[in-house]
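A.B. asks: This is the structure I want to talk about, given as structure tokens.
The values are calculated or read from the model by the stated rules, or taken from the named source; none is laboratory data. Here the structure is a predicted model, which means the values were calculated and not measured. Don't worry about glycine lacking a Cβ; one is built from the backbone with ideal geometry, like all the others, and counts go over all protein chains shown. Ligands, DNA and RNA are excluded from the accessible area calculation, which covers all protein heavy atoms including side chains. Shrake-Rupley method; radii C 1.70, N 1.55, O 1.52, S 1.80 Å.
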Amino acid sequence: MMMATLDETLQKDVARINAERVSDEGYFKYMSVEGLDSAFAPLYSIATPSELKVWNKNLSEDAKRKYLTEFWESRDEDKSTPQNQTREQFYAAVAFANKEYRERTVPGWKTDRGRIYAKNGAATAVLRRAQVQRAPPYEVWNYPDKGRWYIFADRTGVGNWRLLVSSDVKE
């Protein structure tokens, strides 16, 4: 019987960990406490107040993992696979928002446009208007499949976009 080489063993471990990370439990399994807190933070845009009140800074690391796993398992639209596309889409949208909608020192997901992007994904249609004389630049994001629209404006002229009005009753 031959022993596996170090490279083979490492490759198998990496493959196993990557396969684990597809599931909700595996996704959070190797995160640090800071990583778990970072994974929780943007949930404010999609979670209910009763779901949010369970989380606090005194939760143990295991309790945080369990909370996040159960939170995402409850939103999994296809429980027949270990992959949770809802979770993957949300965190991909948060990453995109952080890249595209950051305002100075504010992470993108915390800005108005970033929060809406993380919550709804890319708008089906976007109308952009540049500043004209004293009228500020604005954007209208339309989600006809969800029956929602959002109007943002940069009244400061320095990239601080704010949600002015929306058809979304939760906004």
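A.B. asks: Beyond 19 Å, what percent of the Cα pairs of segment 71-122 remain? Can you show the working numbers first?
C.D. replies: Numbers: 441 of 1326 pairs.
Cα-Cα pairs of segment 71-122 separated by over 19 Å account for 33 percent.
A.B. asks: Further question: Could you derive backbone 3J(HN,Hα) for segment 130-146 from the dihedral phi with the Karplus parameters 6.51, -1.76 and 1.60 (θ = phi - 60°), listing whole Hz in sequence and x where the residue is Gly or Pro?
C.D. replies: 6, 5, 10, 6, 9, 6, x, x, 8, 9, 10, 9, 10, 10, x, 5, 9
A.B. asks: Pop a pseudo-label 7 angstrom from the Cα along the beta-carbon direction at both Lys53 and Asp145 and give the gap in nm to one decimal.
C.D. replies: A separation of 3.4 nm, rounded to one decimal place.
A.B. asks: From Cα pairs below 8 angstrom and at least 6 apart in sequence, can you work out the relative contact order of segment 60-171, rounded to a whole percent? Walk me through the intermediate numbers first.
C.D. replies: On the way: 156 pairs, mean separation 16.0, N = 112.
Once normalised by length, the contact order is 14 percent.
A.B. asks: Of all the Cα-Cα pairs you can form in segment 57-100, what percent are over 16 Å apart? It would help to have the intermediate numbers written out before the result.
C.D. replies: On the way: 474 of 946 pairs.
Tail fraction, whole percent: 50.
A.B. asks: Please report the projected area of segment 97-140's Cα convex hull averaged over all directions, in nm².
C.D. replies: Working: hull surface 14.2 nm².
The directionally averaged projection comes out at 3.6 nm².
A.B. asks: Now a separate question. Based on Cα coordinates alone, diagonalise the gyration tensor for the chain, multiply each eigenvalue by 5, take square roots, and list the semi-axes in whole Å, largest first. Could the numbers behind the result be given before it?
C.D. replies: Numbers: eigenvalues 282, 68, 53 Å².
For the chain, the ellipsoid semi-axes come out as 38, 18, 16 Å.
A.B. asks: Which value, in Å² and to the nearest 10, is the accessible area of Glu103 when all protein chains are kept and the probe is 1.4 Å?
C.D. replies: Looks like 10 Å² after rounding.
A.B. asks: Give me, ordered by chain and number, the residues 5 or more places off Asp168 or on other chains with an amide H under 5 Å from its own placed amide H.
C.D. replies: For Asp168, whose amide H was placed from the backbone, the distant partners under 5 Å are Trp149.
A.B. asks: Taking just the alpha carbons, could you work out the radius of gyration and Dmax for segment 39-125, both in angstroms?
C.D. replies: In order Rg, Dmax, the Cα atoms of segment 39-125 give 13.8, 43 Å.
A.B. asks: I would also like to ask the following. Please turn the phi angles of segment 30-41 into ³J(HN,Hα) values with the Karplus equation 6.51 cos²θ - 1.76 cosθ + 1.60 (θ = phi - 60°), one per residue in order, whole Hz, x for glycine and proline.
C.D. replies: Listing the rounded values in order: 9, 6, 6, 4, 5, x, 5, 4, 5, 5, 6, 3 Hz.
A.B. asks: Taking θ as phi - 60°, what are the ³J(HN,Hα) couplings along segment 50-58 by the Karplus curve (6.51, -1.76, 1.60), each to the nearest whole Hz, with x for Gly and Pro?
C.D. replies: Result, rounded to whole Hz: 5, 5, 6, 5, 5, 7, 8, 5, 8.
A.B. asks: Sequence-distant or interchain residues sharing an amide H contact under 5 Å with Arg155, placed H: which?
C.D. replies: It is Arg162, by chain and number.
A.B. asks: First compute the accessible area of the chain with a 1.4 Å probe, then give the percent of it belonging to carbon and sulfur atoms. Provide the component values of the computation, followed by the final result.
C.D. replies: Numbers: 5980 of 11190 Å².
For the chain, the apolar C and S fraction of the accessible surface comes to 53 percent.
A.B. asks: Enter the accessible area per residue of segment 27-165 (Å², integer; probe 1.4 Å; all protein chains in place). Walk me through the numbers before you get to the answer.
C.D. replies: Numbers: 8390 Å² over 139 residues.
Value returned for segment 27-165: 60 Å² of accessible area per residue.
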